[in-house]
1. Considering only helices (runs of 4 or more DSSP H) fully contained in the stretch 86-167, which possess at least 1 residues that are basic (Lys, Arg) and either crowded, with 16+ Cβ neighbours inside 10 Å or at pLDDT 85 or above (or both)?
2. Quick check: is even one residue across the stretch 447-454 assigned to a helix (DSSP H, G or I), assigned by TED's automatic domain parsing to the domain that holds residue 415 and surrounded by 10 or more Cβ atoms within 10 Å (Cβ to Cβ)?
3. In the stretch 21-35, is there at least one residue being of a type outside the set (Lys, Arg), closer than 15 Å to residue 122 by Cα and out of contact with any Pro (no Cβ under 7 Å at 6 or more places or on another chain)?
4. Residues in the stretch 69-77: is at least one at pLDDT below 75, of a type outside the set (Phe, Trp, Tyr) and touching a Lys or Arg at 6+ places or on another chain (Cβ under 8 Å)?
5. Scanning the stretch 383-423 for residues that are in contact (Cβ under 8 Å) with a residue 60 or more places away in the chain and closer than 24 Å to residue 335 by Cα, which turns out surrounded by the fewest Cβ atoms within 10 Å (Cβ to Cβ)?
6. Filter the stretch 427-446 down to the residues that are under 20 Å from residue 483 (Cα atoms) and of a type outside the set (Asp, Glu), then identify the one that is surrounded by the most Cβ atoms within 10 Å (Cβ to Cβ).
7. Restricting attention to the stretch 325-345, which residues are in contact with a helix residue (DSSP H, G or I) (Cβ under 7 Å, 6 or more places away or on another chain), among the charged types (D, E, K, R) and not in a strand (DSSP E or B)?
8. Residues being surrounded by 17 or more Cβ atoms within 10 Å (Cβ to Cβ) and either in contact (Cβ under 8 Å) with a residue 12 or more places away in the chain or aromatic (Phe, Trp, Tyr) (or both): count how many of those fall in the stretch 74-85.
Amino acid sequence: MRDETQAKIIEDNPIGNGLDAFRTSFQSICKGASISLIPNALEQLEREDIQNLILDLLSALRNLSAVRSLPSKTGRGTLRSDLLRLELSLDSDDFDYDRVKPLLKSTLTSDPDTLIWNHAYNAITESTPPPRLIASSLQQTPWLRNTSSFANSSEHRKYVDDVLKEELGSLYVGLRNFHGAYFGGVAGLDMASQAFFEQCVQGSDPLFEAGWKGWPKDANRDGVLSWFADFSEKLAAFADGHKSIPTHQHRRRPLAKPNKPIDGSVGKRKMDVGIVDDPQAGKNSRCHWSQILVPGELKSNPSADKAPEAWLDLGRYAREVLAAQDTRRFVLGFTICGALMRVWMFDRLGGIASEQFNINDDGLQFVSTILGFLWMSEEQLGFDPTITTANGERFIEIHRNGSTERIIIDKVMQRAPCIAGRATTCWKAHPEGQPETPLVIKDSWQYPERDEEGELLREVTDKGVVNVARYYHHQTVQIHGEDDDIRNSVRRGLDITQAANY
């Protein structure tokens, strides 16, 4: 760094003992691995230990005062943002740890501050993956850097939110045909919604008359929650009695419980309202994220219908749902800010939303939305239809060597807790009737421009490479005979360039 301004920033903000905790961590790792503290000790560490060291160092660097003033390599923002992106890229399959080792070594040997910062800039330049693209490629290619590589095991909200904002990127709202795309296929929805709404406007004491009866004028949260709970009970009773629906849909209930954490997340997460897979759900019920089908967020102020507030809160819930439900491809949700409602869909590219509508002006649209959530099939809610359950077993079917094989899923081994990205899930499995033959199913969203991982694994298996998993089969997931992708399969062809905020 030859820039005089940068040199002055470094001089005015010395590192001092700001990296001592990292050096102590290094000594502890070496001691645990029975490695002497010698100059080449780094070369003797396992990859996982090196990754943990890099995480510790980047976290320490981001807490130094200089990093908030040193400029970003991109020309926008500060070096702190660059270091955060570098930290998130560690989970990339093609991350080159050797390019960060000069920074590690320089820090461990307590080199001058200028040299340490030079190595930090070099590591960012060489190691950080290119920024995500926009427009057509954004619609197709999931983002690599995401909350699945979040290093803080406590997952405090203040730490998660910054990462989640960057992961989600731009959220596109105001897509005109959103409701038709996601609710149009729900059998009998239009007729049933009209029938229920007609009940609401009839009688001497109608439930809807120039707005919903009981709706709090100031849209205060407690009042709206009480109103929503009462409305939901009436709608759920109507939904159960209106037509014959599958058993799993009878289990669904709208739920309002703002002050109780939902079980199943690392950090405490509270959700205002939603649709839950629990027929006994009530105000005092305890629910798990694995039961949340449709998360919702309430705000009393209509102006909260924007990215830093209601949108991000709902995104946080969608992340928990996707992490807890290993067959979920996408998550539908909703926000109500004042009386203004939007319906959302979060997938492996981020989030899109419907046009805003006032539930007191368009009561029928509100009824259709909530009833639609209750009546949707599991596939319409975002579950993977290629993973089937029968006789208490989950399985997939593959076409291998000219015949169909059934692969029984035993358990989840790992699922990346993120929204946008490859969202890799690994299951332990076995061929039907062959429990003695263990298999691992790896499921992830792929980058179309990259080589298929299955082909690479088949090649190394054919060559007899040792210490590598043996190839069994690979294929692209298909939904109704078409390759599963974001733009056409998940987003139903909705075009983000037509969004109100594009």
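1. So the answer is 101-108.
2. We begin by selecting, within the stretch 447-454, every residue assigned to a helix (DSSP H, G or I); these are 453-454.
Next, only the ones that are assigned by TED's automatic domain parsing to the domain that holds residue 415 stay: 453-454.
Next, only the ones that are surrounded by 10 or more Cβ atoms within 10 Å (Cβ to Cβ) stay: 453-454.
Yes, that holds for at least one residue.
3. Initial filter on the stretch 21-35 (of a type outside the set (Lys, Arg)): 21-22, 24-30, 32-35.
Still in the running and closer than 15 Å to residue 122 by Cα: none.
Among the residues of the stretch 21-35, not one is of a type outside the set (Lys, Arg), closer than 15 Å to residue 122 by Cα and out of contact with any Pro (no Cβ under 7 Å at 6 or more places or on another chain), which makes the answer no.
4. Looking only at the stretch 69-77, we keep the residues that are at pLDDT below 75, and these are 74-77.
Right, trim to of a type outside the set (Phe, Trp, Tyr) and you get 74-77.
When the remaining residues are screened for being touching a Lys or Arg at 6+ places or on another chain (Cβ under 8 Å), the result is none.
Within the stretch 69-77, not a single residue is at pLDDT below 75, of a type outside the set (Phe, Trp, Tyr) and touching a Lys or Arg at 6+ places or on another chain (Cβ under 8 Å).
5. Result: 417.
6. Step one: list which residues in the stretch 427-446 are under 20 Å from residue 483 (Cα atoms), which gives 441-446.
Cutting the leftovers down to of a type outside the set (Asp, Glu) gives us 441-442, 444-446.
Values: 441: 18, 442: 15, 444: 15, 445: 21, 446: 16.
Residue satisfying both the conditions and the ranking: 445.
7. Within the stretch 325-345, just 329 meets the criteria.
8. Of the residues in the stretch 74-85, 6 are surrounded by 17 or more Cβ atoms within 10 Å (Cβ to Cβ) and either in contact (Cβ under 8 Å) with a residue 12 or more places away in the chain or aromatic (Phe, Trp, Tyr) (or both).
The values are calculated or read from the model by the stated rules, or taken from the named source; none is laboratory data. For clarity, every value in this text was computed on a predicted model and none was experimentally measured. Neighbour counts run over all protein chains shown; Cβ positions are idealised from the backbone, glycine included.
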